[in-house]
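Notes to accompany the following structure.
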Amino acid sequence: MGESRSSLSPENPSDLEVVPTQAGYDRWAEFYDGEDNPLVMLEEQHLGPLLGKVAGLVVADIGCGTGRHALRLAADGARVTAVDFSEAMLRRARAKPGAQGVNFVQHDLSQPFPLPSDSFDRVLCCLVLDHIQELHAFFSELRRLCRPDGAVVISVMHPAMTLRGVQARFVDPASGRRVGPLSHPHQMSDYIMAAVHAGLALGHLSEHAPDAALAARSPRAVKYVGWPLLLIMRLTCSAGKNGPPAGGRARRLA
Ligand SMILES: C[S@@+](CC[C@H](N)C(=O)[O-])C[C@H]1O[C@@H](n2cnc3c(N)ncnc32)[C@H](O)[C@@H]1O
């Protein structure tokens, strides 16, 4: 990755208040957009080419949060359906300019997605997977939505962050405490095998670390310079829609 790695000392998780994921994002929503977020900044440098031109395409934004991607894609001419379970994150998204052009749906993604099969040219899922416990079922749902000639595009906090004891978290301005919406420490192989068992083909996989230029814009990135912060995948339907490969464990959500 071209940069020398910073100290690998793990963060201390003992002062982290872990809360249920939905409740955590309901609290985070108020200041989520205004935070210094190196993960978001890094992702915005790399994701665009994997989505390609979206004008006229039908796009699902799975775990849309405050609408960062959904609103931009709609402004670029896509027909966007955006799903999240946090009412407060959705409220932020719905209040933004252009929100009337997006179909926002409140839904818990641990349950089958309330969206039609084979209907989306792009299925986008950004910075959500680390909150999903059952990856096989989740990836099967991503694939179910995707048209045979479409693509699933994913970004997620790099599993190497888990090795430093890092998870998605914010500082509660009221208490000054670090608060972490419940996360699940998946490894790289968990993500890849969930995709494989869902019958998705890996077309692109890349790992990204902040460099000095990003650290100059993001104080929070400084201690992660040279350390993999972000994982990006682009997946396509590999073998038709007749189910996972032999021996696969992919299953629809109950
Ligand atoms: C880090 S934010 C990312 C938001 C947006 N995708 C982005 O990149 O800006 C993670 C989002 O995933 C949502 N999320 C996590 N688990 C979920 C679940 N089981 N069902 C629905 N939404 C979920 C959270 O509510 C939150 O809005």
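Read the figures in this text as sums done on the coordinates, not as results from a lab. Small disclaimer: the values here were computed from a predicted structure and weren't measured. Cβ atoms come from the backbone with ideal geometry, glycine included; neighbour counts cover every protein chain shown.
Computed values, structure above
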item	result
Under Karplus coefficients 6.51, -1.76 and 1.60, residue-wise ³J(HN,Hα) of the stretch 63-77 in Hz, glycine/proline x	x, 6, x, 8, x, 3, 7, 4, 5, 5, 5, 5, 5, 7, x
Relative contact order %, the chain, counting alpha carbon pairs below 8 Å whose residues are six or more apart	25
Mean-position separation - Cα centroids, the stretch 41-79 and the stretch 169-209, in angstrom	19
Fraction of antiparallel bridges per DSSP, the stretch 14-237 only, in percent to nearest 5	40
The chain: most fluctuating residue of 119, 140, 86 per GNM, C-alpha cutoff 10 Å	119
Qualifying trypsin sites (Lys or Arg not before Pro) for the stretch 20-78 [loop in DSSP, other Cβ within 10 Å: at most 11]	53
Rg/Rg_ref, the chain, where Rg_ref = 2.2 N^0.38 Å and atoms are Cα	0.98
Between 0 and 90°, nearest 10: helix 188-197 axis offset from the chain longest Cα axis	10
FRET efficiency estimate (nearest 0.05) - Cβ-Cβ, residue 190 to residue 31, R0 35 angstrom	0.70
Under Karplus coefficients 6.51, -1.76 and 1.60, residue-wise ³J(HN,Hα) of the stretch 127-141 in Hz, glycine/proline x	6, 10, 4, 6, 9, 9, 6, 9, 5, 5, 5, 5, 5, 5, 5
